[in-house]
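The values are calculated or read from the model by the stated rules, or taken from the named source; none is laboratory data. Predicted model, so just to flag it, every value in this text is computed and none were measured. We place every Cβ from the backbone using ideal geometry, glycine too, and count neighbours over all the protein chains shown. These accessible areas exclude ligands, DNA and RNA; they are computed on the full protein's heavy atoms, side chains included. Shrake-Rupley method; radii C 1.70, N 1.55, O 1.52, S 1.80 Å.
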Amino acid sequence: MRKAWIVAGAAVAAGLSFVMLLVVGVYMVAGNLAGGVGGASRSLAKGAVPAAYSALVQKWGTLCPAINPALLAAQLYQESGFNPKAQSPAAAQGIAQFIPGTWATHGLDGDGDGDRDVWDPKDAIPSAASYDCKLASYVKDVPGDATKNMLASYNAGAYAVIKYGGVPPYKETQNYVKTITTLEQSFAAPVSRVDPSKQAAAAIYYAQKKLGTPYLWGGEGSAADGGRFDCSGLTQAAYETVGISLPRVANDQYNAGPHPDRDELLPGDLVFFSDDLTNSRAIRHVGIYVGGGYMIDAPRTGAVIRFDPIDTPDYFGATRVTEDGAKALPTTV
């Protein structure tokens, strides 16, 4: 739920005209802006990693050239969603999802307290970075990208990477490498202006047609929901119309692409709100930016889909949705 802000009728009418210009203009921007992310940053995007783990990821993510903090963050998110109590049916444990045999060999006492605890992120995160670097050393003489070879080793084993002279021709392994390297971009602080989304205008158009629709908690716009939405149901449906499948909840939608700064926002960016500005996992609201400091959102029970200002104390940040970024997101974290 989110605090309500009243938008005057005149402002809304002006906003509608403004949005129509922006819907057209975003395509012009997409055609005129040059340059992109320009390579992964070694710094983490604001709040992308929970504050309790951010310093650990930043420190240990520089352990060797094959990894960086954003890549390490992407692995942890993909494996456990930063849940230190996660346990898989295959007995993988903790925030880094070590199986007992691998932990016995590669687990570190990262915090120097005298034990090696797979459930303690202060041990598990350093261990994950160390294990990545050891895998990279095993395949250091293999041609190709050292990071991709390391990730392939994590999934398929170093022997397979050595045998095939790079990422092996296993669909699962190739998907794993692509997933982590794509997710890396959503955890990295951009080093230059982020490319605009070509799907943004259509997403705005869809959301604009839903203005005035009553809010429904859990609503996805289906017939059973009476065509009503909650906040992330609306953003999910808007991007579904352009063939991009977003996760269902707002805090996972944050990882669907890179993160432009406030002064770099473009129409179609998703904008997020939280009571904890240090932790993307605490995000509780999302809207679609339309320009001029406003978004279209489904605010709360008792309200309707409407224009709201984004410059409020709980503004967390933004995501420029990409098709690859959305595809890389795990279905459950």
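In degrees, nearest 10, range 0 to 90: what is the angle between the Cα axis of helix 9-32 and the longest Cα principal axis of the chain?
The two axes meet at around 50 degrees.
For the chain, can you list the cysteines whose C-beta has no other cysteine C-beta under 4.7 Å from it?
Cysteines lacking a close Cβ partner in the chain: CYS231.
Of LYS327, LYS178, which has the most accessible area and how do the rest follow, probe 1.4 Å?
Sorted descending by solvent-accessible area, the residues read LYS327, LYS178.
Tell me the mean residue ellipticity at 222 nm calculated for the chain from its helices only (DSSP H runs of n ≥ 4, each -39500 (n - 2.57), averaged over every residue, nearest 500).
Computed mean residue ellipticity for the chain: -12500 deg cm²/dmol.
Once the Cβ-Cβ distance between ALA146 and ILE99 is put in as r, and R0 is 22 Å, what FRET efficiency do you end up with, to the nearest 0.05?
0.35
Which of rounded, prolate or oblate describes the range 198-328 when judged by the alpha-carbon gyration tensor and an a/c cut-off of 1.5?
On the way: a/c = 1.37, a/b = 1.19, b/c = 1.15.
Since a/c stays below 1.5, the shape of the range 198-328 is classed as rounded.
Rank by packing, highest mean first: peptides 318-325, 219-226, with packing defined as the count of other Cβ atoms within 10 Å averaged across residues.
Working: 318-325: 21.8, 219-226: 14.2.
So the peptides 318-325, 219-226, ranked by packing, come out 318-325, 219-226.
How many Å² of accessible area per residue for the chain, probe 1.4 Å? List each step's numbers first, then the result.
Details: 14300 Å² over 333 residues.
Accessible area per residue: 43 Å².
If you keep only loop residues by DSSP, which trypsin sites (Lys or Arg not before Pro) in the range 122-157 have at most 14 other Cβ atoms within 10 Å of their Cβ?
LYS140
Here are some values of semi-axes √(5λ) of the Cα gyration tensor in Å: [x] 39, 21, 17; [y] 35, 21, 18; [z] 39, 25, 15. Which one was computed from this structure?
Given [x] 39, 21, 17; [y] 35, 21, 18; [z] 39, 25, 15, the calculated one carries the label [x].
On full extension of the chain, what length is gained from ASN175 through SER192, given 0.36 nm per residue of separation minus the C-alpha to C-alpha distance? Show your work: numbers first, answer last.
Working: separation 17, 0.36 × 17 = 6.12 nm, distance 2.72 nm.
Residue separation times 0.36 nm, minus the Cα-Cα distance, leaves 3.4 nm.
Pairs LYS134/LYS178; LYS178/LYS209; LYS85/LYS163: which are spaced more than 30 Å apart, C-alpha to C-alpha? Write out the running numbers ahead of the final one.
Details: LYS134/LYS178 21 Å; LYS178/LYS209 35 Å; LYS85/LYS163 36 Å.
LYS178/LYS209; LYS85/LYS163, as the Cα separations exceed 30 Å there.
When the solvent-accessible surface of protein heavy atoms is calculated with a 1.4 angstrom probe, in what order do SER54, SER153 fall, highest first?
On the way: SER54 40, SER153 5 Å².
Final ranking, largest accessible area leading: SER54, SER153.
What are the ³J(HN,Hα) couplings of the range 197-205, residue after residue, when phi is run through the Karplus curve with 6.51, -1.76, 1.60 and θ = phi - 60°? Round to Hz, x for glycine and proline.
Residue by residue, the range 197-205 yields 8, 6, 8, 4, 4, 5, 5, 5, 4 Hz.
As I understand it, the value is the acute angle between the Cα axis of helix 51-60 and the longest principal axis of the Cα atoms of the chain; what does it come to in degrees, rounded to 10?
The two axes meet at around 40 degrees.
With axes computed from alpha carbons, what is the tilt in degrees of helix 69-80 against the longest principal axis of the chain, rounded to the nearest 10 within 0 to 90?
90 degrees
For the chain, what % of the accessible area comes from carbon and sulfur atoms, probe 1.4 Å?
Numbers: 7940 of 14300 Å².
Carbon plus sulfur share of accessible area: 56 percent.
Per residue of the range 208-213, what does 6.51 cos²θ - 1.76 cosθ + 1.60 with θ = phi - 60° give for ³J(HN,Hα)? Whole Hz please, x for Gly and Pro, Karplus curve as stated.
4, 5, 9, 4, x, 6
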